[in-house]
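This report concerns only the one structure given below.
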């Protein structure tokens, strides 16, 4: 019997289920952080390993659900290549600039409106591995599944729903952090819609997870 044709589209209800599987737990944690007044976010090698395990488990659950729904999960592989790597470096720089421009009007030295981050004791290996898993996890499901899958509902829906999900699970970073995440998310989304490939935004996300840590002298 021939293999049934797989698709890369999803319904609104399927998008909601994928979002709940992949990001529901993080949205709950972010909401708790908001209600607690944005406590300091502390990272360590052990917390990075724990987060990696959580994201791998959630990714496996979401991919299993998508396969049952006949989604073309093989198309979600980022497929690294030289051209995409250079483009990813460019997206990383543009996303950083977009974040700086978007947050500049709200930046206040006396009240930074952002969560304090602590990376004391985080090893380079842990930071890189965590960034690789996290960047791949987020962009595969936000861009590769939600943005691409919702195109049938129109560009506004395909862009706005994944952006809303992205911001919701980053609320723990504070108001300024949420604005930064929104600017970065818009940058990633526009480049993904133009190029239709995942490797470049995945690489840009990985770099955005690593570079600020060591730029700050962690």
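Every number in this text was worked out from the coordinates using simple rules, so none of it is lab data. Remember, predicted model here, so these are calculated numbers, not experimental data. Cβ coordinates were reconstructed from backbone atoms using ideal geometry, including for glycine residues, and neighbour counts include every protein chain displayed.
Work out, step by step, the length gained on full extension between residue 31 and residue 129: first 0.36 nm times the residue separation, then minus their alpha carbon distance; give nm to one decimal. Each step should come with its number before you reach the end.
On the way: separation 98, 0.36 × 98 = 35.28 nm, distance 2.62 nm.
Fully extending the segment from residue 31 to residue 129 adds 32.7 nm.
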Report, to the nearest 10°, how far helix 12-35 tilts away from the longest principal axis of the Cα atoms in the chain, using its own Cα long axis and a range of 0 to 90°. 10
Region 46-63 versus region 154-169: alpha-carbon centroid distance in Å: 22
What angle, in degrees between 0 and 90 and rounded to the nearest 10, separates the Cα long axis of helix 155-168 from the longest principal axis of the Cα atoms of the chain? 40
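Using the Cα atoms as the points, what is the convex hull volume per residue of region 109-218 in Å³?
Working: hull volume 11.2 nm³, N = 110.
Convex hull of Cα atoms, per residue: 102 Å³.
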Label-point separation (nm) for residue 51 and residue 11, each offset 7 Å from Cα along Cα-to-Cβ? 3.5
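Want the number for residue 117 to residue 68: 0.36 nm per residue separation, take away the alpha-carbon distance, what's left? Walk me through the intermediate numbers first.
Numbers: separation 49, 0.36 × 49 = 17.64 nm, distance 3.91 nm.
The residue 117-residue 68 span can extend by a further 13.7 nm.
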Any idea what diffusion coefficient the chain gets from Stokes-Einstein, in µm²/s, Kirkwood Rh on alpha carbon pairs, 10 °C, 1.306 mPa s? 88
When a/c is below 1.5 the answer is rounded, else prolate if a/b is larger than b/c, else oblate, so apply that to region 1-60 with a ≥ b ≥ c taken from the square roots of the Cα gyration tensor eigenvalues. oblate
